[in-house]
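A short write-up of the structure that comes next.
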Amino acid sequence: MTAGVVKERRRRKPGAGARTTGAVWGMVWVLAVSLPVFMWAEPGKRDGILMMQVEDAAMHFSWKSDASGQTDAPKVTSFRDGQGLLFVSEGKTRFELNGHPGREFWAGRGPLTLAMVVQPTMLEETQSPLCSKWNPRDGLRSFEFGFSGDGRLYWQVSASGLADGRRIKMDGRHGLQRGRPYAVAAVFDPGRRMALYVNGHLSGELTRRIPDRIHENETPVLLGARPGTDVHADAILGDVWIHPVALEGEAIQKWAASLGLTEEPPDGRTEWEKAVLDPDAKPAPIRALTQGPKPHWFGYYDKFQTDPTDRYVLSLEADFDLRVPGPSDVARIGMIDTQDGDKWIPLAETGAWNFQQGCMLQWRPGSDREILYNDREGDRFVCRVLDVKTGAMRTLPLAIDQVHPDGRHATCQDFARAGALRTVVGYAVRDPEEFRKVPAPDDTGIWLMDLDTGEHKLIVSVADIAKIPYPKQKPGDRLYVAHTQWSPDGKRFLFFNRGDTIDSRITTANMDGSDIRVVTYMASHYDWWDATRLLIEIPRRGGFFLFNDDGSMKGERLVAAPPGHHTLLPGREWFLSDTIPQGPDRVQHVYLMHIPTKRFIPLGHFPQGRQYWGDVRCDNHPRLSRDARKVIIDSTHEGTRQMYMIDISGIVGEAPAQ
């Protein structure tokens, strides 16, 4: 079967203004397809045509049945007065617009308006891309328009193809409801404005730091799915209009009215947004612990940064922070005396570090004098144990990851392999290709090491991990371990396994590596809730979920909030987290949530400079003091990477200490 696609071009009449409808000239392409068929309404046959008060070309898609049999094609279904495409996430349905005249219609250099009629069929905890040219691989991001699990529209664009400072994402405030049709639109005006509309009502608008273009690349434009991923929409999609202009609100209102869709939906903002983003909320007391110009930071958030008295705060210092450290780069280790004017006390140097996790620097549990950190000896990585009072040092044969609650044992991982496969979580090596040759080696993975004797044993190999099936598994997938964390009782530990196609799987195991259980996929951050449950952040599902450590892979959402690095305060009454950069100013929000009442309390808002992104980004990584009354963060909001202390004692009161 063939499909006719008519591309309507509008030319300005002599003397006509930019917003005047000009003469209509039709040009027809006929092409063979095996999917639902594009049908263009003849000029004047639909009110939607008459609303296009623009001078340039516009494209309008509508649909009719075609018995193609293609497995991933959306079905054509009756919808309103015509027909629509039924997208189902479980069926992995998608429709590709490439191969049609769309590429010459919009080349990524100018403005863009996407307008369509949509009816959500499910509102799960995942995003539903409606129109996407957003492959999450570097260099392949352009734009994506869709709705989230809470029914709110989102609109993101990238000028560079990267998730850097030239990428921006915004959310609408209206909540779409399941089973109801809406006229929705996303507008991009380069360097000036981004906006979202629902039924002609402005749902969100940004006018600052708007990218100057949308990146053009080889990624196809899909309806109902995100390219290169398993993220699919659950919705009926009616007519779709694509404009190479930034339509104004008045034109969009007329378009929505012509469709009979004018009712304003309810406010769909989450309680997190209403509380944390409240402009009248008072931030908690904060002070700087370090000063520039040299950068100072700590790294990950699941380790003891302070000594048992909370007087001394561990820190790293470097001579640069806008490039990835190489094999010969050194960082300095020191501690800050908070009772002596935040004096810097130098302790040691390390050649095994990065900006996300530092060098696994931490106070040894149960000790008021020993600290642990990773270092480099030639081409291998080791752990140093330093007595800060005497200066005595000893070396352990493996680099540590997570210390057991007993303070005697630690999980260790292959930071060389991790660094070769994902720079941000490993250490620099001289020949990364050497660690990429074997997809799933049996001589590396997770070790258990005795911190007193240095004795160690490989308890989970990468080959063991590869034997646990996962979606899209391929024989040549290069796998690695990233992050481990002990349960509060020390009987089990969790670990991330990642690779070419595996999607951030969290698994758990006994202390000896036995009884491996899969907890979930698509995970980002984690913390043990108790000895049998885990609180895991899943960005695609829009929040933090409580999972049982029983292999069932079933999780219940506890918190609806943006992605961030979370920690449970002792007693599990309070939840602490930050966010990844939000909005045009890339603001990171640090907040508390009172778990029994689900009440959110903002602690501070910290813009991150656009130069800090990717492998040199500066996550806040909020870390608790031992008495659980102070929070320490890394931040660049004053221009350089430094550490800050937030006083939460007036909020949490007499919370149990760590």
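No value in this document is a laboratory result; all are computed from the given coordinates. On a predicted model such as this, the values are computed, not experimentally measured, just so you know. All Cβ positions, even for glycine, are placed from backbone atoms using ideal geometry, and neighbour counts span all protein chains on display.
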From the square roots a ≥ b ≥ c of the eigenvalues of the alpha-carbon gyration tensor of region 157-257, which class results: rounded (a/c under 1.5), prolate (a/b over b/c), or oblate?
oblate
Can you run phi through the Karplus equation (6.51, -1.76, 1.60; θ = phi - 60°) for region 265-275 and list ³J(HN,Hα) in whole Hz, with x for Gly and Pro?
x, x, 5, x, 5, 7, 5, 4, 5, 4, 8
Once the piece of chain linking ARG369 and ASP81 is laid out straight, how much longer is it, given 0.36 nm per residue of separation minus the C-alpha distance between them?
96.2 nm
What distance in nm lies between label points placed 7 Å from Cα along the C-beta direction at GLN339 and ASP387?
2.2 nm
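Run the numbers on the chain and let me know its relative contact order in percent, using alpha-carbon pairs under 8 Å that are six or more apart.
Values: 1750 pairs, mean separation 66.8, N = 658.
Dividing the mean separation by the residue count of the chain yields 10 percent.
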Most exposed first by the Cβ proxy, i.e. fewest other Cβ within 10 Å, how do ARG178, ARG167 rank?
ARG178, ARG167
What does the C-alpha gyration tensor say about the overall shape of the chain? Classify as rounded when a/c is under 1.5, otherwise prolate if a/b is larger than b/c, or oblate.
prolate
Karplus 3J(HN,Hα) series, Hz, for region 502-514 with 6.51 cos²θ - 1.76 cosθ + 1.60 (x for Gly, Pro):
6, 9, 6, 7, 9, 10, 10, 8, 5, 4, 8, x, 8
Treating the angle as unsigned and between 0 and 90°, give the value, to the nearest 10°, between the Cα long axis of helix 249-258 and the longest Cα principal axis of the chain.
60 degrees
Local electrostatic count at GLY165 - Lys and Arg +1, Asp and Glu -1, tallied over other residues with Cβ under 12 Å:
+4
Is any residue of region 162-195 close enough, with backbone N under 15 Å, to a label point placed 7 angstrom from the Cα of LYS274 along the Cα-Cβ axis, and if so, which?
173-175
Computed [θ] at 222 nm, deg cm²/dmol, the chain (DSSP H ≥ 4; -39,500 (n - 2.57); rounded to nearest 500)
-1500 deg cm²/dmol
Pull out a ≥ b ≥ c, the square roots of the eigenvalues of the alpha-carbon gyration tensor of region 58-269, then state rounded if a/c is under 1.5, prolate if not and a/b is larger than b/c, and oblate in the remaining case.
rounded
Which cross-chain or sequence-distant (5 or more) residues have an amide H under 5 Å from the amide H of HIS409, H modelled 1.01 Å from N in plane?
HIS404, LEU451
Counting only backbone N atoms under 15 Å from a point 7 Å out along Cα-to-Cβ of SER649, the residues of region 604-635 in range are 625-632
Can you tell me how much longer the chain between SER328 and LYS472 gets when fully stretched, taken as 0.36 nm per residue apart minus their C-alpha distance, in nm with one decimal?
48.1 nm
Inter-label distance, nm, simple model (7 Å from Cα along the C-beta direction), SER160/ARG610:
0.9 nm
Each label point is 7 Å from the Cα along the Cα-to-Cβ direction; what then is the distance between the points at ASP150 and ASN510, in nm?
4.3 nm
Karplus (6.51, -1.76, 1.60) ³J(HN,Hα), θ = phi - 60°, over region 313-319, in Hz, Gly and Pro reported as x
10, 6, 7, 10, 9, 9, 9
Rel. contact order, % - alpha carbon contacts under 8 angstrom, at least six apart, region 58-269
30 percent
Once amide H atoms are built 1.01 Å from N in the peptide plane, which residues 5 or more positions from GLY268, or in another chain, come under 5 Å H to H?
HIS174, GLY175
Test of understanding: what is the full-extension gain from LYS254 to LYS491, defined as 0.36 nm times their sequence separation minus their Cα-Cα distance?
79.0 nm
Counting other Cβ atoms within 10 Å, keep those with at most 13, restrict to DSSP loop, and tell me which trypsin sites (Lys or Arg not before Pro) in region 470-507 are left.
LYS472, LYS491
As computed over region 107-190, the Cα convex hull volume per residue (Å³):
96 Å³
